[in-house]
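Notes follow the structure.
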Amino acid sequence: MSVVLSPDSKYVTEERLLEWKNPNPSGSYRVTDPVPMTRFLYELCWAMIRGELPFQKCKTALDSVQFEEDPYGDEMGSILADIVAQFAQDLTISGDYRARLIKMTKALVEASLLPARLLQERCEEEFLFEAELSRMKPQELKSKEVRVNTRLLYQQTKFNLLREESEGYAKLVTLLCQGSLDSTSNNSLAVTISIIKSLIGHFDLDPNRVFDIVLDCFELYPEKKIFYDLIPIFPKSHAAQILGFKFQYYQRMEVTTPVPSSLFDLAALLVKENFVDLDSIYPHLLPQDEDAFAHYEGFLSKRIDEANKIGRINLAATGKDLMETEEKQDVSVDFCAVWDLELDVLAERAPEVGTNQKLGLLIGFLSVHDWYHAQILFERLSPMNPVEHVEICKGLFRVIEKTMSSAYSIVSKSYQEAPPGKSGNFDDVMEVDSPATSSTPIKLPREFFQMLTVVGPYLHRDTALLQKVCRVLRGYYTSMRDDATKANSTESDESRRYKEARLRVEDAIGSCLLPSLQLIPANPAIGYEIWDVLSLLPYEVRYRLYGEWEKDDERNPLVLSARQLAKLDTRRILKRLAKENLKQLGRMVAKLAHANPMTVLRTIVQQIEAYRDMIMPVVDAFKYLTQLEYDILEYVVIERLAQGGRDKLKEDGLNFSDWLQSLASFWGSLCKKYPSMELRGLFQYLINQLKKGSGTELVLLEELIEQMANVHYTENITEEQLDALAGSETLRLQSTLYGSTRNNKVLSKSTNRLRDSLLSKDDPKLAIPLLMLIAQYRSMVIIKADAPYIKMVSEQFDRCHGTLLQYVDFLSSAISPVTAYAQFIPSLNELVHKYHLEPEVAFLIYRPVMRLFKSPGSEGVCWPLDAGEEVDSEKGLLDFVLHLDSSQGPVRWSELLNTVESMVPSKSWKSLSPDLYATFWGLTLYDLYVPKKRYEAEIAKQHVALKALEELSDTSSFAISKRKKDKEKIQELLDRLASEYRKHEKHVESVRQRMALEKDRWLSQCPEPVKTNMEFLQRCVFPRLIFSTTDAAYCAAFVRMLHTLGTPFFNTFEHINLLICKLLQPMICCCTELEAGRFGRFLCETLRMAYDWKKDESLYERECANMPGFALFYRNPNSQRVSFAQFVRVHIKWSQKITRVLAQCLESTEYMEIRNALIVLTKISSVFPVTKKSGVNIEKRVNKIKADEREDLKVLATGVAATLASRKSSWLTDEEFGMGHMESKPAASPAKAPPGYLLGFSRLLLVVNQLMVQCGHEIALGQY
C-alpha cells in the first residue's frame, strides 16, 4: 500500500486536536461522520510526529471516530505498520520528528495497537534497533537475514538415502553388529573394510552417512576393538562434524530427552584415540562458557552470602526474641549439618549435568580413564567448579583409585602383615614398619597428584579412598626419602626425585587432604591418617600448609559454611563449659575439632584471650584432641602472637596486655598437662622476634619453663627462703611452695619434653641460639628501648634479665650430667669474644663447667675443693684440667685464666689478679655458707610430720597402707636432708681450705694495691650483686670470707667506706627497680656485719683487731690496726652519710631515684636507721611522699613509713649510738697525721679513679 505524505489535514483538524487533548468531562467527544481508516490513521500519526497530539491521547482519538470500512483482524495494525515503515524510510524527516516517530512506535506497541512482529517484517534493520524492537545490531541482523533466506530459497534438499536405499544400509548395519566382528586379525579386518567399500560402491551409499552408522554401532558396542581400525578409513575432519550434528540434535527445543551417556563415552573414546581433536568438537557443545560461568557466579554469590549469614546476630531482634533464641539453644551439636547443606547444593546444581554437554563430555573422559583430556576440560571449566557434581566426583574417584592401585598393593602389605601379638587395631597398625622398608620402591605418576589437586575438598565423600590416599602418600614419601638417604649425595638423581616427591606431597596435603578433613564430621581416624603423612614434614612446612589452608578455600561456599557452623557451635559450647560438665562438653569440643580443627581451635584461643577463667576448663577438655590438632593449636598460638594491630603491653608500658598474659598462661598450662606438644615452632618464632629486637613474647618462654620444668624466678622471697636457697637441692625444694608440692613424675616427663624441643636430635638445635639472643637482647634493651620513660626501660630490662636467669637455671638443671651441659654450651672465650656477652652473663652460663676442672694429682677432686696439695708449687691451680670428649682437647686452668685476662681492661690487673677474679665469679653461695638453722628447722618439721602420722588412730587397711607410704616418704626425705647437710658442711670446709691456701697469691703480686678495693667493687661485687638476690647474699658472704681468711692487701674497712661514702648514691640512682632491691639486700648484709662488730667490742677484737682488713696502711697489711674507738666514730659518720644520701634521693625530682631509695630503705629497714636523728629525717621525707600523686610511690612510701614506725622504740640517741667514743672536739690537723695512706677516722680515702664504664662491644643480634 502506497501512502504519500501531505501537510493537509482533512480529518485531524485543530478543533478535533483541542477536543482530544482537553476532553469534555461531561461526556465523551465523538466525530459524527465516518472517516476513511487509512487517511485518518496517516493524519493522526503525522499530528503525533509533529508534536501536536500527545502519544497518550492516541487511544482517545481512535475511540472518538467511526471508520467507513469495517476493520477485521489486524487490519488497523497492518495499516499502522505500513505508515510507520513509510515514515521510517523518509530520509527528509528532521531529527526531532524522527525521535517522536520512534517514541510513537514504542507507544503504539505498548498500547497493543501495533504488533511488533509486523514492524519486524516491514521496517529496516536500523529503525528496529533504534526502536528497541531488535536486540541485534543492524549489520548482524542483515547477515542473519541473508543466511536464512539463502537456506530457505537456495539450499537444495538432500533426500534421505536410508529411507530410499534401505538394502545397502541394512547390510552395513548387519555387518557391523554381527558377533564375528570381534576378531581383530588382519584378514578379518581387511575383509570387513573390503565389504564396507563394496556396499558403498554397489548401493551408491553416502560415505558420511556410512561413517555415521559406523559411529552409531561403535556407540552401541564400545568394547569391540575393530572399530578402532575402521574409523581411520574415513576422513578425520568429518568425525567432529558428525559428532557435532549428534549433539546439536539434543539442543533443539522440541527434543526433551537428555543426551545419552553412551554418546559422551563415544566422543571421549574418539578424542582419547586421537580420531577427533577436542578443540574441533568443543564448539558444538552447549551452553557457551561465558553463559555457564555467569550462571554459576550468580549461584556462588548467593551461596557465599548465605554462608556469611550463619551465626550473624539480628540487631533488630527484641530482648524477648533473644531470650527465646537462647532458651532454644542447647548443648547438642548437629555434626552432619554440613552434609545437609551439601545435599541442598547438589539438588540445586543437579540439572546442570543434563543440560551442560561439556560436563557430560567430562564425565565421558573420566569413564574411559582419559585423564589428559579430562584435565584440559577441568581447567577450562574451573570457573564453574565441575568437580562438585556427584557424577564427575565419582568418575574422578575411579580414576584416582586405578592410578594408585599398584602403589597401594605394596603399601597395604605392611598394614596386613602385623607382627605376632598385635590385635590389628588402629594403634597396632600404626606401629608396623613403614611401607618404605619394603624392597619394592613405590612410585606414583605425576597425573595422580594432578587428580588430587583437582578433586580438592570433595575427597571427603569417600573416606575409604581418602584413607588409601594418605597411606600411599606416606609410603611414597618415605620410599623416596630412604632412597635419597642411601644415595648420600645432594646432587644425585635420588635426591632430586626426593625433592620433587616432597613438593608433590606438600601440594597434595594442602590442596586435598586438609580441605577434605573439615567436611568430614568427627572422624578422628581420618585425622590420624592425615597426621601420619604430615608428621613426615618439618614443622616449617606444616605451618605453611596450615596458613594456606583457609585462604585457598575462601570461595568455596560449602567449606565456608562448615567453618561458620563450627565457629557458632564452638562459641555456644564454650558458654556452657564448666568443671561440672567438662567430660560431656569436652568431648563435643573435640568432635568439632576433629572436623574443623583450624576454625575451632582459633575460636577457642580467641575466647581464652578475652576470658582468662576459661583456661583450666579448656585445658582439661583438650585431652580428647589428636596429635594433628595439637600441632594446629601451636600454629594458631604463633599466628595470634604474630598478628598485627594489637598492643602487647598495656597503656602504662609496664605490664603485659591481658590477651598476651592469658595466652601465655594457657600455653604453659597446656604444655605441662600434655607434654607431647611440639614446641620447636614457638621457639623459632621467639628467636626470630629476638633477632628483630622484640622480646615481649619471652613471657611464653617464662610460662613454659615455670609450668613444664617447675623452674621459677621471683624476687619476693623471705629471709628464710633466701637462707634455704644457699642449701642443697632438697632444702631448696622444700623451702618453696612450688617445690614441696610438685609432681616429680609429671615434671620429669614435661621437663624432658621441653629439653628435647630445645635440643632436638635434628639440626639446628635452638637452645644455644635462644640463650645467646636473650643475653644479647638484655644488653640492648637499655640502648634501643623504645619507651618514653626510664621506668618502662627499667621494667623491660628486669623482665628480660629474669627470663635469662630462669632459662639458664632450667638448662643447667635439665641437661644432666654436668659434662653434657659442658659439651653443649660454648667455651668461655666464645661467650665473651664471639657472642660479645658481658662477663657476668658469660660466667652465669659457664659457672657449672668450672666445677669440672679436675686436679691431676687427686682423682675425683674438682675445683674449688681442696686437693690437699701445696699451691705454691709449680703445679698448683694451673694443673687443673677439663676433659670433655675426644673431639675436644683438654682445657687447662691456665687457658681459662688467659681468657679471664682478656675480659677486662689490662690496667685493672694492676690491682686485681685473674685468680681472685675467676674464684669470685666461679663460686656460689652454696660454696661459702651452710644454712644450719634452715637444715635443722626443716629436719624438725619432718620429725613433727612423722610424729603426727604415728598419732593417727585410723586402723583401716587403706589408712595403714597410706601411713606406711607416707612414713617411708618422710623418712627418705629426712635421710636425704641429713646426708646433704653433712655433705654441705664438708664442702664448705673444703672450699675454705682451698681459699686459705690461695689467698696469699691473690693480691700480693698487684703493683697498685691502693686501687684494689675500687677495682674489686667495680669488676666483681657490683656486677654480681645486682644479678640476683642470691648473688647479692653471695657477694656479702664472699667479702666476709676474704676478711675472715685475712687476705693480704684486701682492706675490709676501706671496702665498707667506699661502698657507703663514695658509691652509695650512684648505685641507687643507676639501678633498675629489681636491682635496687638486690643492692639493698647486699647493703643490709654489709651493715649488719659492721653493726655486729660495733655493738660488741670483744667480737671486734676477735674478728677485726688482728686482721689485715683493718690495717691503717695499704702497702703494709701488718701495719697498725684500726682501734675499736676509731671504728665506732667512723661508724657514726657512715650512718650520717647514709641518711644524707637517702634524704637527697627522696627529695629528688627523678622518679627512679625516689623509687629506688624507698626500695633500698625497705631492704635495710632491719638495720637502718639506728639513731633517732636519722630516723626522724628519713620519716619526714617518707611521709611527704605518701601524699604524692603517683600511686606506686605512695604505696611504697606507706610501707616504709609503717616499718619505720614499728622500729621507733629501738632507735638510739647519738650519745647511746656513740657508746662514749664520740669526738668532743675537731679532729687533729692533717699535717700531724702520719705519712702514708691513712684510712677511716682521720680522713676519708680520696677515690683514685671514678667508676669506669665497662669495656663493651657492639652486640650482633644476628649471630643466629
| the stretch 659-789 shape via C-alpha gyration tensor axes, a/c threshold 1.5 | oblate
| task | Excluding residues fewer than 8 places away in the same chain, name every one of the aspartates and glutamates whose C-alpha is closer than 16 Å to that of K309. | result | E554, D569
| Per-residue ³J(HN,Hα) for the stretch 709-717, Karplus 6.51 cos²θ - 1.76 cosθ + 1.60, θ = phi - 60°, Hz, x for Gly and Pro | 10, 6, 9, 9, 10, 8, 9, 8, 10
| query | Dipole of the chain, Cα-centred, from +1 at each Lys and Arg C-beta and -1 at each Asp and Glu C-beta, to the nearest 20 debye? | reply | 5560 debye
| request: Would you tell me the accessible area of M588, worked out with a 1.4 angstrom probe on the heavy atoms of the protein chains, in Å² to the nearest 10? | output: 20 Å²
| request: Evaluate E = 1/(1 + (r/R0)^6) for R147 and S405, where r is the Cβ-Cβ distance and R0 equals 56 Å; express this FRET efficiency to the nearest 0.05. | output: 0.60
| remark: To the nearest 0.05, the calculated FRET efficiency linking Y249 and E132 through their beta-carbon distance, R0 being 45 Å, is 0.85
| task | Any chance you could run the full-extension gain for E540 through L18? It's 0.36 nm times the residue separation minus the Cα-Cα distance, nm to one decimal. | result | 179.0 nm
| task | May I ask which of K499/K691; K443/K761; K749/K965 have a Cα-Cα span longer than 27 Å here? | result | K499/K691; K443/K761
| note | One can check that the equivalent ellipsoid of the chain, built from the alpha-carbon gyration tensor with semi-axes equal to the square roots of five times its eigenvalues, has lengths in Å, largest first, of 96, 45, 28
| Global geometry of the stretch 14-123, whether rounded, prolate or oblate, following the gyration tensor of its Cα atoms and the 1.5 cut on a/c | oblate
| query | So what is the calculated 222 nm ellipticity per residue for the chain, using -39500 (n - 2.57) for each DSSP H run with n of 4 or more, over all residues, to the nearest 500 deg cm²/dmol? | reply | -19500 deg cm²/dmol
| field | Residues K1184 and E830, FRET efficiency given R0 of 60 Å [Cβ-Cβ distance, rounded to 0.05] | value | 0.70
| query | Accessible surface of H943 in the full protein assembly, 1.4 angstrom probe, to the nearest 10 Å²? | reply | 100 Å²
| field | Percent carbon-and-sulfur accessible area, the chain, ignoring ligands, DNA and RNA, probe 1.4 Å | value | 51 percent
| If the chain between V818 and K650 were fully stretched, how many nm would it gain, using 0.36 nm times the residue separation less the Cα-Cα distance? | 56.4 nm
| Those lysines that a straight Cα-Cα span of less than 22 Å connects to K103, excepting residues fewer than 8 apart in one chain | K21, K57, K59, K137
| query | Over the chain, what is the mean sequence separation of C-alpha contacts under 8 Å (at least six apart), divided by residue count, expressed as relative contact order in percent? | reply | 5 percent
| task | Please turn the phi angles of the stretch 366-381 into ³J(HN,Hα) values with the Karplus equation 6.51 cos²θ - 1.76 cosθ + 1.60 (θ = phi - 60°), one per residue in order, whole Hz, x for glycine and proline. | result | 5, 5, 9, 6, 9, 6, 4, 6, 5, 5, 4, 5, 4, 5, 5, 9
| field | Over 29 Å (Cα to Cα) - which of K910/K1062; K468/K765; K692/K765; K907/K1163; K1062/K1094 fall in this group | value | K468/K765; K907/K1163
| task | Work from the charge dipole of the stretch 483-625 (Cβ charges, +1 for Lys and Arg, -1 for Asp and Glu, about the Cα centre) and give the residue of P538, Q518, L601 farthest towards its positive end. | result | L601
| Bridge type composition, the chain - antiparallel percent by DSSP, nearest 5 | 75 percent
| field | Inter-site label distance for Y97 and A959 at 7 Å from Cα along Cβ, in nm | value | 12.5 nm
| said: Can you give me the accessible area per residue for the chain, using a 1.4 Å probe, in Å²? | reply: 48 Å²
| Relative contact order [Cα under 8 Å, 6+ residues apart], the stretch 1073-1140, whole percent | 20 percent
| Taking the stretch 166-273 and dividing mean pair separation by its residue count, relative contact order in percent (alpha carbons under 8 Å, at least six apart) | 27 percent
| query | Given labels modelled 7 Å from the Cα in the Cβ direction, how far is it in nm from N187 to E306? | reply | 6.6 nm
| message | Please enumerate, by chain and number, the aspartates and glutamates with C-alpha under 12 Å from the C-alpha of K999, excluding those fewer than 8 residues away in the same chain. | response | D872, D915
| query | Roughly how big is the stretch 932-995's charge dipole about its Cα centre, with Cβ charges of +1 (Lys, Arg) and -1 (Asp, Glu), in debye to the nearest 20? | reply | 320 debye
| Which residue, chosen from P617, A709, L176, occupies the Cα position most advanced towards the positive end of the dipole of the chain, where the dipole is computed from +1 (Lys, Arg) and -1 (Asp, Glu) charges on Cβ about the Cα centre? | A709
| query | I1026's amide H: which non-local residues (gap 5+, or another chain) put their own amide H closer than 5 Å, with H modeled 1.01 Å from N in plane and none for Pro or chain starts? | reply | none
| query | Which listed residue (Q139, A508, V109) has the Cα farthest towards the positive end of the charge dipole for the chain, taking +1 on Lys and Arg C-beta and -1 on Asp and Glu C-beta about the Cα centre? | reply | A508
| request: Restrict the search to the stretch 901-979; then list the GluC sites (Glu not before Pro) that DSSP places in a loop and that have at most 15 other Cβ atoms within 10 Å of their Cβ. | output: E951
| task | Counting other Cβ atoms within 10 Å, keep those with at most 13, restrict to DSSP loop, and tell me which trypsin sites (Lys or Arg not before Pro) in the stretch 41-141 are left. | result | R135
| query | What spacing in nm lies between the two simple spin-label points modelled at D63 and H238, each 7 Å away from Cα in the Cβ direction? | reply | 6.8 nm
| query | ³J(HN,Hα) across the stretch 443-455 via Karplus (A = 6.51, B = -1.76, C = 1.60, θ = phi - 60°), whole Hz, x for Gly/Pro? | reply | 10, 10, x, 4, 4, 4, 6, 5, 5, 5, 5, 6, 5
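The values are calculated or read from the model by the stated rules, or taken from the named source; none is laboratory data. Keep in mind the model is a prediction, meaning the values are calculated, not measured. Neighbour counts are summed over all protein chains in view; Cβ atoms, including those assigned to glycine, are modelled from backbone coordinates with ideal geometry. All accessible areas refer to the heavy atoms of the entire protein, side chains included, with ligands and DNA or RNA removed. Shrake-Rupley method; radii C 1.70, N 1.55, O 1.52, S 1.80 Å.
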